[in-house]
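Report on the following structure.
The values are calculated or read from the model by the stated rules, or taken from the named source; none is laboratory data. Note that the structure is predicted; figures quoted are calculated from it, not measured. Every residue, glycine among them, receives a Cβ derived from its backbone with ideal geometry; neighbour counts consider all protein chains shown. Protein only, heavy atoms only, side chains kept; ligands, DNA and RNA dropped before computing areas. Shrake-Rupley method; radii C 1.70, N 1.55, O 1.52, S 1.80 Å.
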Amino acid sequence: MILDGTVDIAYVRRPVRDQGLRVLPLYGEARVAMLPADHRLAGKQELCLADLVDEPRLSYAHPGPDDLPIRTIEEKFECVASGAGITLVPESVALQYSRPDITYVPVPDAEPDEVLLAWEARRRSLLIAGFVTAARAQAEAAG
């Protein structure tokens, strides 16, 4: 939508195809494992990636040939709750979405989720430049 001009600027998370875009990394966010509430690891205080190596994983970016495509966070919740797989999500998801059939467990050794600001690389606009300046200043102040 940025490249076709529908949207001038957007907050995005990796993975993102950045061809034709300028991206500004703003901050990283810790990841947590999203598990069915009755999962064998659900009661742990924290997990490491090695604990999850044999678990079936859900993925937006690279679904396998037999995987259902996951387009929304709601679809991800349904897949996890049904036991189809687990996934890592940003900590903010755990803070914003509470369901009795899903639990979240911190995974300190997971690579942080990266939040970026993206806009079309060739586009010149005072509004976009001002937004980028404000977002950069806010990220620096918070970080």
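Points worth noting:
- With only the Cα atoms considered, segment 14-143 has a convex hull volume of 131 Å³ per residue.
- Positive end of the dipole of the chain (Cβ unit charges, origin at the Cα centre): among Leu127, Gly143, Thr103, the Cα lying farthest that way belongs to Leu127.
- Solvent-accessible area per residue, Å², over segment 20-121 with all protein chains present [probe radius 1.4 Å]: 56 Å²
- Ser82-Leu41 pseudo-label distance in nm [points 7 Å out on the Cα-to-Cβ vector]: 2.2 nm
- Were the residues from Val12 through Leu126 laid out at 0.36 nm apart, the gain over their Cα-Cα distance would be 39.0 nm.
- Share of carbon and sulfur in the accessible area of the chain stands at 53%, probe radius 1.4 Å.
- With the simple model of a label 7 Å out from the Cα in the direction of the Cβ, Asp51 to Gln19 spans 3.9 nm.
- Tilt relative to the chain, helix 126-142 - C-alpha long axis, 0 to 90 degrees, to 10: 50 degrees
- The residues packed around Thr6, meaning those with a beta-carbon under 15 Å from its beta-carbon, carry a net charge of -2 if Lys and Arg are +1 and Asp and Glu are -1.
- When +1 charges are put on Lys and Arg Cβ atoms and -1 charges on Asp and Glu Cβ atoms, the dipole computed for the chain relative to its Cα centre reaches about 640 debye.
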